[in-house]
């Protein structure tokens, strides 16, 4: 399904993965890649060599008013955007996998962009992701970089390693508390593959729906189709977040729900800052993360270290 069919007004032509000046700025010319930094050598050295290594495990409580009693306390691990490339170190990903396994969530989800636009060198990254373990399983969707690299190649390597790849598909799971939930895996929107109608077909209207989608801004384009919680990546939390100014560059379909837990018109969206970064691999005030989200009954604001706002480092 085309991005136009998702109803993302003003972003229908953005399948070329363009970048924008902040959340409201103009689109930048094709080929713009590097987040700008003031030309201060110590700051750039920090953003390139230290900040990308400051991995944080975020723990977030998600209040859900329609949460079935049997889903209360369900813990969901989220890892996204490793952005591995040939010759790049795997130490950060290995640490993220170890942190999630040690946290022992009930379910682990991967929300795409495992590579940087090419599949070369992906095998060891897939093998690390294959070490993830959770009682309800490990599931994945693809991102825009995965499609640029060859979606079928990336999906096959992930599946061979262990994670189940969902491409506009659902899985019915049963939580430890006995309640069912439907995991809905949406394919990549920027490459015109997202099809919410197909993904949600056959899902009972009265059972819990957990949406896994790479780009967070699809939250506003579900055309009345109900979901209870959405987990996404794609934005890197801005990747480079300048004091007082915010992130100077943001990706298409990643400008509305930038980081942390936020309310869309119909449901909560949690956007992870992700593990990796786009070239030239800078981070500033947006620490890499893996997250564990706990479902709780209620209507209040989310709680925890990743419940929104910038992240230092």
*asked:* Given points 7 Å out from each Cα along the Cα-Cβ axis, report the residue 90 to residue 118 separation in nanometres with one decimal.
replied: 1.9 nm
*Listing 301, 169 from the residue with the fewest other Cβ atoms within 10 Å to the one with the most, what is the order?*
301, 169
*asked:* Quick check on the exposure proxy: order 170, 299 from fewest to most C-beta atoms within 10 angstrom.
replied: 299, 170
_segment 198-283 - Rg and Dmax from Cα coordinates, angstrom_ = 14.4, 47
*How far is it, in nm, from the label point at residue 103 to the one at residue 197 when both lie 7 Å from their Cα along the line to the Cβ?*
3.6 nm
*So for segment 54-200: antiparallel DSSP bridges make up what percent, rounded to the nearest 5?*
40 percent
*What is the ratio of the Cα radius of gyration of segment 56-298 to 2.2 N^0.38 Å, where N is its residue count, to two decimals?*
0.93
*Please report Rg over Rh for segment 136-271, where both radii come from the alpha carbon positions and Rh follows the Kirkwood definition.*
0.98
_Distance in nm between pseudo-label sites at residue 245 and residue 131 (7 Å out along the Cβ direction from Cα)_ = 3.9 nm
*Please check which bits of segment 167-195 a label hung off residue 223 would reach, taking the label as a point 7 Å along Cα-to-C-beta and the cut-off as backbone N under 14 Å.*
193-195
*Virtual paramagnetic centre 7 Å along Cα→Cβ of residue 266, amide N under 18 Å, in segment 55-87*: 64-67
*Would you give the gap between the C-alpha center of segment 114-161 and the C-alpha center of segment 64-97, rounded to a whole Å?*
13 Å
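Read-outs throughout are calculated quantities, based only on the coordinates presented, and are distinct from any laboratory measurement. This is a predicted model, so every value here is computed, not measured. Neighbour counts are summed over all protein chains in view; Cβ atoms, including those assigned to glycine, are modelled from backbone coordinates with ideal geometry.
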